[in-house]
1. Output the peptides 113-123, 135-145, 314-324 sorted from most to least packed, where packing is the average of other Cβ atoms within 10 Å over each peptide's residues.
2. Please list, in order along region 433-443, the HN-Hα scalar couplings obtained from phi with the Karplus expression 6.51 cos²θ - 1.76 cosθ + 1.60 (θ = phi - 60°), rounded to whole Hz, x for Gly and Pro.
3. Build a GNM of the chain with springs between Cα atoms under 10 Å: which of Ile124, Ile232, Ile105 gets the top mean-square fluctuation?
4. Using Cα positions and a limit of under 16 Å, work out the aspartates and glutamates in reach of Lys334, with same-chain residues fewer than 8 apart set aside.
5. What is the helix-to-structure angle for 337-357, meaning the angle in degrees between its Cα long axis and the longest Cα principal axis of the chain, kept from 0 to 90 and rounded to the nearest 10?
6. With +1 on each Lys and Arg Cβ and -1 on each Asp and Glu Cβ, and nothing else charged, work out how big the dipole of the chain is about its Cα centre, in Debye to the nearest 20.
7. Report the full-extension gain for the segment Lys421 to Ser295: residue separation times 0.36 nm, less the Cα-Cα distance, to one decimal in nm.
8. Looking at region 157-252, how many pairs of lysines come closer than 22 Å at the Cα, when each pair is eight or more places apart or spans two chains?
Amino acid sequence: MKRDNFGSKFGVLAAAAGSAVGLGNIWKFPYVTGKNGGGAFLLLYIACVALMGIPVMIAEFSLGRKTQANAVDAYKKLQGKGPWYLAGILAVITPFIILSFYSIIAGWVLSYVVGSATGKVVNISTGELGNYFTQVTSGVYTPMFWTFLVIVITAAIVIAGVQSGLEKYSKILMPALFVILVVLMIRSVTLKGSSQGLEFLFKPDFSKLTGTSVLEALGQAFYSLSLGMGIIITYGSYIKKDENLISLSAQVAITDTLVAILSGIVIFPAVFAYGLEPNSGPALIFITLPTVFHSMPFGSFFATLFFTLVAIAAITSTISLLEVSVAFITEKFKINRKVATIIIAFGTFLLSIPSSLSFGPWAEVTIFGKNIFDALDFLASNIFLPLGGIFVTLFVGYVWGINNAMVEITNEGAIKFNLKKLFTFVIKILAPIAIFLILLFSTGIIK
Ligand code: PHE
């Protein structure tokens, strides 16, 4: 079977950046930054992205492109005698699990797009916004419907293929995302009293940085760049041999970081301008921001624009999450893309049901003291993802081998790679150790 691939440079960038830019950028990054000392954390985050994020991304892209295979076969083809394919299986399972709960949040977002466009979100009194959010999330069928819709949209794009699905839609959606981001940013910083928000985000307060801030920054960088879970490996397998993986990785990282920072400039100036608290968790975008839109002229318009932005960011990520298992299943069982996608999408929806119910009727059902949604999130994001990151760096560093990887990365010597020594050090030593520390930190073993 001939493998599909990305058709253009811009297409690869849009698709990979589309995966990277997601809820993690718009919703989590701004808050984590504010909480950890603003500008000080930002510098730390940028250092993590540059020093670890980009090298690991280069390693994952090269592994995929070398093997021209899904994440499991990528390991298998180069593993020699070891059981490394198990790392590949983990790299397929993790995005499958993440997709099941990421789609729920994306579903809330879609419901808010419609709620904003029809004026519902802005017309109720601000005191009711909390209830409105509870209504959206805690029912049985309504949230499931929106989750289902997200999965259907995602599946429809994935069925269309790599070039006429993932690439084509990313090329439209990512520029749209930027335009919306800039419009909202201008609106936010021109509000009276917005400068306090900029201070919250940027003013460096080094006293708030702790040892764990470093791990938090690193963890956020990995999640935000979609590393450690087969996505970049799979996307790498669709990239042409003459593409420059080094500059591509740098461009993806820069785009991702830029969107995270711009999102902060959209959110906090507006929140502070209206005298609200920059709280964390779902409340920030689903309750606090609607309160802002409520008081703003043309609030419905800006609310619709904002939630459309978040929806775009989410959908360009969900398609990458789904693609990993679709690539695996089609190649493993030799079934066609459409059938594979429908089966996996259906499986994802089934897995999403218990998580969705955990915001409503099943709120009391707990596993290790967490509700089902939180438990799955914890398992995938805090355990599987770092494990995947450790495996991929060790694999490229020691099993496939840096020298072999280097041949792929430099397009057989056609590209100069000046930082080869640094890259080798990061992949073989620094990244595995640092990610291991993230694992200890995110599982609560070190505090
Ligand atoms: N990188 C995405 C974000 O920042 C999330 C994501 C994680 C997407 C893992 C795909 C895989 O939200």
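The values are calculated or read from the model by the stated rules, or taken from the named source; none is laboratory data. Since we're looking at a predicted model, the values are computed, not measured. Here the Cβ is made from the backbone with ideal geometry for all residues, glycine too, and neighbour counts use every protein chain on show. Ligands, DNA and RNA are stripped out before the accessible areas are found, and what is left, the full protein with its side chains, is counted by its heavy atoms. Shrake-Rupley method; radii C 1.70, N 1.55, O 1.52, S 1.80 Å.
1. Top of the packing list down: 314-324, 113-123, 135-145.
2. 5, 4, 5, 4, 5, 4, 4, 4, 6, 6, 8
3. Among Ile124, Ile232, Ile105, the largest GNM mean-square fluctuation belongs to Ile124.
4. Straight-distance partners of Lys334: Asp4, Asp73, Glu323.
5. Roughly 50 degrees, rounded to the nearest 10.
6. Working: 29 positive and 19 negative charges, 197 e Å.
Charge dipole of the chain: 940 debye, to the nearest 20.
7. On the way: separation 126, 0.36 × 126 = 45.36 nm, distance 5.45 nm.
Contour length minus Cα-Cα distance gives 39.9 nm.
8. Lysine pairs satisfying the spacing and distance rule in region 157-252 number 5.
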